[in-house]
Amino acid sequence: MIDLERALGDLADHLDYPTGEHAAEALRRLLVAPGPVPGRSIARTRRARALLVAAAVLALVATGVVAIAPARHAVADWLGIGAVEIRRTDRPLPTAPGNNPVPGSPGSAPAVNAETRLAAARQAVQFRIVVPSAAAAGGLADVEVDHRVPGGLVALSYTRFTVVEIATDPTQSMPLFKLLPADARVQNVRVNGQAGAWIAATHVIGYLDRSGEFARDTVRRSGPVLLWERAGVTYRIEGLSSLAAAQSVAATLR
């Protein structure tokens, strides 16, 4: 068993990290910033980021879930996968749908020429769109493309679930967020060999504005989600009630 407190204490002795009211946001920006931090050499900046990432990985390996104690909310504030940042709140989740919500809610009515829309989507985004097998998913109901995300976001709707694929740019701030109840568990999983997360609780998803706050008119409710990132694309499978079912679909994406 890893002695997490002792290991992180030793790591802290070798690490400069931000403190204060906005520490979580400063820490996230340090991790994703493309160039050296002002006042630091490139070598020192890279070493600091490596240590910060090591601390995050160590905490996740040791606990298996995102911590929910109030003293650890700062960790959850900046934790994310690919293009999606995970946050927590003690307040009630928004209930009214936004005017410009993130696409991809399961249960969409079948669209005319869904396959034609898929072909158009492949030309509209800057990554290769993959689809689940027909045996796992059934017929494609609809395809939506959202250009608010740099590089594009595409939502593939099926009868039982939705697959959302999002371009990931590690040099930019995460464009999407998930807002979870304070007591919700986030389970670390492996998805097709990649690190991922399973969120079984109902939560909300939306876009972050340039200040790092969520844009309320983009918020919508989300059901259980399997989330992972691979080769510059973040994937979400939403709507399946069990991790095993979501993993089965993920294994067929081609």
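The values are calculated or read from the model by the stated rules, or taken from the named source; none is laboratory data. The model shown is predicted, which means the values in this text are computed figures rather than measured ones. Protein only, heavy atoms only, side chains kept; ligands, DNA and RNA dropped before computing areas. Shrake-Rupley method; radii C 1.70, N 1.55, O 1.52, S 1.80 Å.
Quick one: grab the alpha carbon gyration tensor of the range 94-246, order the square roots of its eigenvalues as a ≥ b ≥ c, and give me rounded if a/c is under 1.5, else prolate or oblate depending on whether a/b is larger than b/c.
Numbers: a/c = 1.29, a/b = 1.15, b/c = 1.12.
It comes out rounded by the Cα gyration axes.
Once amide H atoms are placed 1.01 Å from N in the peptide plane, what residues at a sequence separation of 5 or more from LYS178, or on another chain, have their amide H within under 5 Å of its amide H?
Under 5 Å from the amide H of LYS178 lie the amide H atoms of GLU85, ILE86, ARG87, each far enough along the sequence or on another chain.
Using a probe radius of 1.4 Å on heavy atoms only, what accessible surface per residue do you get for the range 122-254? Whole Å² is fine.
Ligands and nucleic acids excluded, the figure is 42 Å² per residue.
If a/c stays under 1.5 just call it rounded; otherwise compare a/b with b/c (prolate if a/b is bigger, oblate if not). Do that for the range 197-250, with a ≥ b ≥ c from the square roots of the Cα gyration tensor eigenvalues. Before the final figure, lay out the partial values.
Numbers: a/c = 3.25, a/b = 1.56, b/c = 2.08.
In terms of gyration-tensor shape, oblate.
For the range 147-204, rounded, prolate or oblate, judged on the Cα gyration tensor with a ≥ b ≥ c (square roots of eigenvalues), a/c < 1.5 rounded, else prolate if a/b > b/c?
rounded
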